[in-house]
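Enquirer: Shown below is the structure under consideration.
The values are calculated or read from the model by the stated rules, or taken from the named source; none is laboratory data. Predicted model only: the values in this text are computed from it and were never measured. Note: ideal-geometry Cβ built from the backbone for every residue, glycine included; neighbour counts use all protein chains shown. Note: areas computed on protein heavy atoms with side chains; ligands, DNA, RNA excluded. Shrake-Rupley method; radii C 1.70, N 1.55, O 1.52, S 1.80 Å.
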Amino acid sequence: MKDQREADLIDRIARRAFVYATRMIWEANHRDDVQPGDPKVGGHPASCSSCVHIMSALHLGVRRPADLIAVKPHASPTDHALNYMLGFMHEPHGRRWLSTDEARGAMSRLRKFSQNGEPVFQSYHAESDPDGNIFFPSGSVGIPPVVSMYTSLAYSYAKDHLFEVPEDAHFWSLMGDSEFREGSLMEALPDASERELGNVTWIVDYNRQNLDGTRIPNMRGLRGTDAARMERVSVANGWDVIQVAHGRKRKAAFQQDGGSTLRKVLEDAFSDYEFQSLLLKRDGAVIRERLMALDRNTERVLSKMDDTEVYGVFADLGGHDVGELLNAMRRSKLDPINPTMIIAHTIKGWGLESYASPGNHNALPSEGELDSIVESDGLSTDAPFELFSEDTEESKFLAERGAMLRAGQEELWALKDRNLKKFEEAGKAGLPQTLGLNLKYYPMVHTQYVWGQLAAKLIRIGNAYHPEKTGEGEYELQGDEARWGPAADLVMTMAPDVGTSTNINPAMDDKIYGPDQHDHEEQLGIRDRRRPQLAPHDEPWSRHIRFEIAEANCMSAVGAFGKMRDHVGLPFFPIMTVYDFFIKRAFDQLYYNLYWGSSFVVIGTPSGVTLAPEGAQHSWKSDIGMPNVIIWEPFYAIEMDWILSETLRRHYLDDNKGRSGVIIRAVTRAYPQAEMMKRLTQSKRFEGQSEDEILAATRSDALEGGYYLVDYRGYEGYEPGENVVNILTLGAMGSEALAASDRLREDGIYGNVICVTSGDLLVGNLAHDNHYRHLKQGLGINADLHLSQGDGAVSDRGDFVSLAGRRVPIVAVVDGEPGILDNVGGIVGVRSETLAVRKASKCGRPVDVFGYQGIDGNAVYDACGRMLAQTAVENVVVSRALLGQAAAPSDMQAEELWPPKR
Ligand SMILES: Cc1ncc(C[n+]2csc(CCOP(=O)(O)OP(=O)(O)O)c2C)c(N)n1
C-alpha cells in the first residue's frame, strides 16, 4: 500500500507539472513584445502531456543525483516544471541555487532571449537552462539517447581505468515512437548491449502519433503493432524489454472472468491506427461492439461495465499509471549487463481538448481551456506558478526529495573539482610543444602514417604514466615524455572499422577496450603477429574503442567522452579516426558535439582526391563552417606533430574555447620531408638563423593558421604589383604549389607559397573573430596598391588622370570544395582565384587526378599567370592635384597578357 500511496502522491504532482508546462508554453506564445512579422513561437503541450507521468515517475520516484537524462525535445517544459517544484534550478552554467522567486520568473521565460543574463529556457533542453546540468541537450531527435548511452560507456571506461566517477549513475532516455524510427537509434541498439551497458534505460513514449498526425504503421507488413516490432528489434539486439501497456483499471479487469481474452485482444488485435481512432472517438458503445466482434468472449468481462467504464478501461494505458511506471523503471535497474527498453503506452494530448487528435502536435489550448486547466488544480490564473502550499503532503515530499537531489548534485560538483584539481597539479610541469617525432626516420612519409606513429607514442606514454595501473613497470618516463604523461593518460582512440587501414595498429594492439572476450586466436596458436591483437578486455591499459562501420555511433561516442570534463572533471582526450569522406555520415552528431562544447579530435584520413587510386566516390572534402570547430590540414610530417601537441596542450589546460572540436585531415601521399627545411632556409627572413630557430618561427606561424614555405620577400627584383603572386595552398596541395612556384620563377615571377594549416584560423570563423590578424599582419598579405612609374604618358581626363595600379593577386589551391578557401581574395581585397575540386572524381594516379580536377602544378601556374594578367590591366584614377608623375594606364586586355587555354 505504501507503493500505491507513493504513486498517488506522484500522480497528483504530475497533474501540477502538466498545468505548469501547459501554461509555460501558452505564455511563450502570448507575449506582448512581439514584432510584426516575427516567426511563430510554438510549443508542444500535447507532446508534453503524453509523457508527464513518465517524467514525473522518473524525477520524483527513481532518478538519483548522478543520473543523466535525455528527453525528447518537445517535452522540455515538463522537465522544467518538475525541477521547478523540486527547487532544482541553478544559475545558468553556475552553482548557486535559484530562489523560488527567481525560478518562478524563469518559468515565464520559455524560448525568450535573455537580455540581461536573467535565466531563460531554450525551446529544447539546453546546457544553459537553469536545470541544464542533468539533461543532454535536445533538439535533433535520435541523437541524445545515443550520446547518453556513450556517456554510460565513458563512465565505465573511467571506472575501469581507475579514475573517480560516481558509482551509481544511471542513463535514462525518453524518446517519441516516431523518433524510434531514426537510423541513429537503430545503429546504436546492438552497441549498447554488446558493451554491456546495463545502466542504460530507454523509454519510448508510445502515443501512436507524430508531427504529421496519427502514425499508421502497416500491421500486415510488420506482422503486428509497432510496439511489438519495437520489442522484437530490441530483444534481437540484446535488450531487456518491458511493455507498460496497461494501467490499474485494465489490470483489474484482466483479473475478472473473460479478462485474459480482453487482454489478448487489447494487446494483439488492434492496429495502432484503429486503436488510436477509437481513442479519439471516445464512445464506449462503439468500442464494446468492436471488442466483442474481435472476440465474443470479451463479453464476459464487458457485460459488467457500462459504456463509460468500457471506454475507461480501453483508454487506461500504462504510460499514465505512475505505479506501473515506477515498477518498470525500478526493474530496469536490476540487470547489470543488459540495457532496458521500456515501451510506455500513452495518449498524446492527455488532459487537453486535443486529446488523441491527429493535429495536436503543436496545437495550443485556447485561453479558456488554459484557464480551466489552471483553475482545476486549485491555482489562480493570476498566479499560475504558485507552488503547493507548505503544509501539504506534496510540498513536504518535494522539499525532501529536492534537498536530496541538491545535496547529491553538490557532491558531484565537489567530485568534479577534486578531479580537476588533480589534473591541474599533475600538469604543473607544463606540456611540451612537440611529441618529439624524429624526422630522420621519415625522409618520405605521409601525414596519415605520422598520425599512427604519434598515436602509438601517446598511448605508450599514457600507459607508462601509471605503471601501477597498467603493469608497464619496466618503462620509466623521462624528460618530455614525463611531462606528456598526465595528458597522455587521458587519451583514447576510437575508429569505425578503419583503425588498421589508417595506420593506428600499434595503438590498438592488445588495447581494445570492452567486456572481456577469450582470446581464441592465441589459444589456437593462429595469431598473425603482424596484425593487432583485437580480443577486448577492460584492463587499464586498454585504450582503443573499436566500432563497427557506424560512423555516427563513433561520432556520438567521441563527443560523449569529450564531455567528461564537464560532467565529472575528467578531461578525457578522445581521438576518432575516420575516412574523411565519411565524416559527413555523422554531421548531425558532429554538430551536436560542437554545439554542446565537447572537446574531441577527429582525424579525417585519408582525405580528398589525394587518395587518388581510391578516389572515384571517396573524394569530395567539404568545408565545415560550424561554430566551435577548427579544421587543420598539415602538409609536412612535423606539422602533424605540432598540431596534435598544440591541440592536446590546449585541451588539457582548458584553453580551447570556440575551437574545442578539432578535425585534422591527413593523406596517404608521401612527400619528401627534407624539402621543407630546404625551402624555409631560402627565405631572407631566416638568413643566419639556426634550423631550430627557423622551425620555432614556422611552428608559431603554422599554429596561427599558415606559414611561408617559399618566401621571396626581399629578393632582388621582387616587385609587388609587377611580378609577385601569393599562392595559398592547403595540406597536400603543397607539392603542386611548389611546382607552380618553381615554374613561375623561370618566367621571372615570384610565387610565394603559403602553406595554410587551418582555413578556420586564417580566413574562417576563428579568423573573423580577430579581424584576420594572422593573414593580414602575421603573413603581411594585403591589398596595397602599387603604382608603377611607366613611360610618362598620362591619360588626361581633365582634373583626373588614370594610371596603372596593381595589387598582389592570390591563387589558392585546395583538395576539396572551393568554399574551404575561396573567400580569401575578398578578405584581403585583391583579385584571387581558388582552384578546387569541382567535379566528381575518378580513380588514377595523383598526377592524373590533380590534372583532371584542375588543381595540379600546371593549373596553379596558369591561374597565377591569369591573375597577374588581370591585375596588370587594372587602372586607377587619381586627381591631378595629387599626382606628380606616374605611369601610363594600360589599354591591354588581360587575355593578351595570359591567353586563356582553349
Ligand atoms: C532529426 C529531427 N527531425 C525532425 C524533427 C522535427 N520534429 C520534432 S518532434 C517531431 C515529431 C515527433 O514525433 P514522436 O517522436 O512520435 O514524438 P511525440 O511528440 O509524438 O511524442 C518532429 C518531426 C526534429 N526535431 N529532429
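Enquirer: How many residues does region 725-758 hold that are open to solvent by 10 Å² or more (accessible area, probe 1.4 Å) and either closer than 14 Å to Asn823 by Cα or among the small types (Gly, Ala, Ser) (or both)?
Expert: Total satisfying the criteria: 3.
Enquirer: While we're here: Out of the residues in region 573-584 meeting the condition of being of a type outside the set (Phe, Trp, Tyr) and either closer than 17 Å to Asn503 by Cβ or within 15 Å of the ligand (Cβ to nearest atom) (or both), tell me which one is modelled with the lowest pLDDT. Full working, then the answer.
Expert: We begin by selecting, within region 573-584, every residue of a type outside the set (Phe, Trp, Tyr); these are 574-578, 580, 583-584.
Add one more test, that the residue is either closer than 17 Å to Asn503 by Cβ or within 15 Å of the ligand (Cβ to nearest atom) (or both), and what stays is 575-578, 580.
Details: Ile575: 98, Met576: 98, Thr577: 97, Val578: 97, Asp580: 94.
By that ranking, first place goes to Asp580.
Enquirer: Residues being under 13 Å from Phe18 (Cα atoms) and assigned to a loop (DSSP other than H, G, I, E, B): count how many of those fall in region 366-377.
Expert: Result for region 366-377: 1.
Enquirer: Take Pro77 and decide whether it is more than 23 Å from the chain's Cα centre (by Cα), crowded, with 22+ Cβ neighbours inside 10 Å, within 16 Å of the ligand (Cβ to nearest atom) and closer than 30 Å to Val558 by Cα. Please lay out each step first, then the result.
Expert: Numbers: more than 23 Å from the chain's Cα centre (by Cα): yes; crowded, with 22+ Cβ neighbours inside 10 Å: yes; within 16 Å of the ligand (Cβ to nearest atom): yes; closer than 30 Å to Val558 by Cα: yes.
Against the criterion (more than 23 Å from the chain's Cα centre (by Cα), crowded, with 22+ Cβ neighbours inside 10 Å, within 16 Å of the ligand (Cβ to nearest atom) and closer than 30 Å to Val558 by Cα), Pro77 qualifies.
Enquirer: State which residue pairs qualify: first residue within 19 Å of Arg63 (Cα to Cα) and inside region 404-419, second residue open to solvent by less than 40 Å² (accessible area, probe 1.4 Å) and of a type in the set (Phe, Trp, Tyr) in any location, beta carbons under 6 Å apart, and separation of 6 or more residues or different chains.
Expert: Pairs that qualify, where the first residue is within 19 Å of Arg63 (Cα to Cα) and the partner is open to solvent by less than 40 Å² (accessible area, probe 1.4 Å) and of a type in the set (Phe, Trp, Tyr), are Leu405/Phe88.
Enquirer: Before we move on, is Arg713 charged (D, E, K, R), closer than 27 Å to Val609 by Cβ and either more than 36 Å from the chain's Cα centre (by Cα) or open to solvent by 20 Å² or more (accessible area, probe 1.4 Å) (or both)?
Expert: Working: charged (D, E, K, R): yes; closer than 27 Å to Val609 by Cβ: no; either more than 36 Å from the chain's Cα centre (by Cα) or open to solvent by 20 Å² or more (accessible area, probe 1.4 Å) (or both): yes.
The answer is no for Arg713.
Enquirer: So, one more: Scan (1) within 23 Å of His768 (Cα to Cα); (2) modelled with pLDDT under 90 for the single condition Asp822 breaks and write down its number.
Expert: Just one mismatch for Asp822, condition (2).
Enquirer: Please go through region 127-156 and pick out each residue that is touching a helix residue (DSSP H, G or I) at 6+ places or on another chain (Cβ under 9 Å) and either small (Gly, Ala, Ser) or at positive phi (or both).
Expert: So the first thing to find is which residues in region 127-156 are touching a helix residue (DSSP H, G or I) at 6+ places or on another chain (Cβ under 9 Å), and the list is 127, 129-131, 133-155.
Those that are touching a helix residue (DSSP H, G or I) at 6+ places or on another chain (Cβ under 9 Å) and either small (Gly, Ala, Ser) or at positive phi (or both): Ser138, Gly139, Ser140, Gly142, Ser148, Ser152, Ala154.
Enquirer: Does any residue in region 669-683 that is small (Gly, Ala, Ser) come within less than 9 Å, Cβ to Cβ, of a residue that is open to solvent by 20 Å² or more (accessible area, probe 1.4 Å) and part of a helix (DSSP H, G or I) six or more places away or on a different chain, and which pairs are these?
Expert: Once the first residue is small (Gly, Ala, Ser) and sits in region 669-683, its partners that are open to solvent by 20 Å² or more (accessible area, probe 1.4 Å) and part of a helix (DSSP H, G or I) give Ala670/Tyr449; Ala674/Leu439.
Enquirer: Right, Leu174: open to solvent by less than 10 Å² (accessible area, probe 1.4 Å), modelled with pLDDT of 95 or more and more than 22 Å from Val558 (Cβ to Cβ) or not? Please lay out each step first, then the result.
Expert: Details: open to solvent by less than 10 Å² (accessible area, probe 1.4 Å): yes; modelled with pLDDT of 95 or more: yes; more than 22 Å from Val558 (Cβ to Cβ): yes.
Yes: the conditions hold for Leu174.
Enquirer: Considering each of Gly117, Gly105, Gly61 in turn, give the residue that is modelled with pLDDT under 95 and farther than 21 Å from Pro365 by Cβ.
Expert: Working: Gly105 fails: modelled with pLDDT under 95; Gly61 fails: modelled with pLDDT under 95.
None of the others qualify; the one that does is Gly117.
Enquirer: Taking Arg546, is it open to solvent by 10 Å² or more (accessible area, probe 1.4 Å), of a type outside the set (A, V, I, L, M, F, W, C) and either within 16 Å of the ligand (Cβ to nearest atom) or assigned to a strand (DSSP E or B) (or both)? Explain how you work it out, then say what you get.
Expert: Details: open to solvent by 10 Å² or more (accessible area, probe 1.4 Å): yes; of a type outside the set (A, V, I, L, M, F, W, C): yes; either within 16 Å of the ligand (Cβ to nearest atom) or assigned to a strand (DSSP E or B) (or both): yes.
Here the answer is yes, as Arg546 does meet what is asked.
Enquirer: Name every residue in region 20-32 that is within 11 Å of Leu82 (Cα to Cα) and more than 16 Å from the ligand (Cβ to nearest atom), in order of residue number. Outline the logic, then answer.
Expert: Initially, region 20-32 is screened for residues within 11 Å of Leu82 (Cα to Cα), giving 20-21.
Within region 20-32, just Tyr20 meets the criteria.
Enquirer: Then there is this: Applying the selection to region 120-178, what residues are away from the ligand (no atom under 16 Å from the Cβ), in a helix (DSSP H, G or I) and not hydroxyl-bearing (Ser, Thr, Tyr)?
Expert: Result: Gly132, Asn133, Ile134, Met149, Leu153, Ala154, Ala158, Lys159, Asp160.
Enquirer: If you go through region 33-48 one residue at a time, do you hit one that is without any contact (Cβ under 8 Å) to a residue 40 or more places away in the chain, within 16 Å of the ligand (Cβ to nearest atom) and open to solvent by 10 Å² or more (accessible area, probe 1.4 Å)?
Expert: Filtering region 33-48 down to residues without any contact (Cβ under 8 Å) to a residue 40 or more places away in the chain leaves 33-40, 48.
Cutting the leftovers down to within 16 Å of the ligand (Cβ to nearest atom) gives us 39-40, 48.
Cutting the leftovers down to open to solvent by 10 Å² or more (accessible area, probe 1.4 Å) gives us 39-40.
Yes, some residue in region 33-48 is without any contact (Cβ under 8 Å) to a residue 40 or more places away in the chain, within 16 Å of the ligand (Cβ to nearest atom) and open to solvent by 10 Å² or more (accessible area, probe 1.4 Å).
Enquirer: Here is a follow-up. Among the helices (runs of 4 or more DSSP H) confined wholly to region 463-511, which include 1 or more residues that are closer than 18 Å to Glu425 by Cα?
Expert: On the way: elements: 467-470, 479-488, 505-508.
The qualifying helices (runs of 4 or more DSSP H) are 479-488.
Enquirer: Applying the selection to region 49-66, what residues are of a type outside the set (Gly, Ala, Ser) and more than 16 Å from the ligand (Cβ to nearest atom)?
Expert: Selection gives His59, Leu60, Val62, Arg63, Arg64, Pro65.
Condition check ((1) within 16 Å of the ligand (Cβ to nearest atom); (2) at pLDDT below 95; (3) under 27 Å from the mean Cα position of the chain (by Cα)) across all residues:
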residue: Asp205; (1), (2), (3): yes, no, yes
residue: Asn210; (1), (2), (3): yes, no, yes
residue: Ala228; (1), (2), (3): no, no, no
residue: Asn237; (1), (2), (3): no, no, yes
residue: Val241; (1), (2), (3): no, no, no
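Enquirer: Looking at Trp541, is it touching a residue at least 40 places away in the same chain (Cβ under 8 Å), more than 13 Å from Ile575 (Cβ to Cβ) and either within 25 Å of the chain's Cα centre (by Cα) or assigned to a helix (DSSP H, G or I) (or both)?
Expert: The answer is no for Trp541.
Enquirer: Still on this structure, please answer the following. Checking Met626 against (1) in a strand (DSSP E or B); (2) open to solvent by 20 Å² or more (accessible area, probe 1.4 Å); (3) among the aliphatic types (A, V, I, L, M): exactly one of these is not met. Which one?
Expert: Status for Met626: all satisfied but (1).
Enquirer: Still on this structure, please answer the following. Which helices (runs of 4 or more DSSP H) does region 255-351 wholly contain that include 2 or more residues that are within 39 Å of the chain's Cα centre (by Cα)? Steps first, please.
Expert: Working: elements: 259-264, 272-281, 284-294, 299-302, 307-314, 322-332.
Per the criteria, 272-281, 322-332.
Enquirer: Tell me whether region 480-498 contains one or more residues that are closer than 26 Å to Leu437 by Cβ, buried (at least 19 other Cβ atoms within 10 Å of the Cβ), within 24 Å of the chain's Cα centre (by Cα) and charged (D, E, K, R).
Expert: The answer is yes, given that some residue of region 480-498 is closer than 26 Å to Leu437 by Cβ, buried (at least 19 other Cβ atoms within 10 Å of the Cβ), within 24 Å of the chain's Cα centre (by Cα) and charged (D, E, K, R).
Enquirer: Does region 430-452 contain any residue that is over 18 Å from Glu633 (Cα atoms), among the small types (Gly, Ala, Ser), buried (at least 16 other Cβ atoms within 10 Å of the Cβ) and under 28 Å from the mean Cα position of the chain (by Cα)?
Expert: Within region 430-452, none of the residues are over 18 Å from Glu633 (Cα atoms), among the small types (Gly, Ala, Ser), buried (at least 16 other Cβ atoms within 10 Å of the Cβ) and under 28 Å from the mean Cα position of the chain (by Cα).
Enquirer: Filter region 585-598 for residues that are open to solvent by less than 10 Å² (accessible area, probe 1.4 Å) and out of contact with any Asp or Glu (no Cβ under 7 Å at 6 or more places or on another chain); which is farthest from the ligand (Cβ to nearest atom)?
Expert: Ser598
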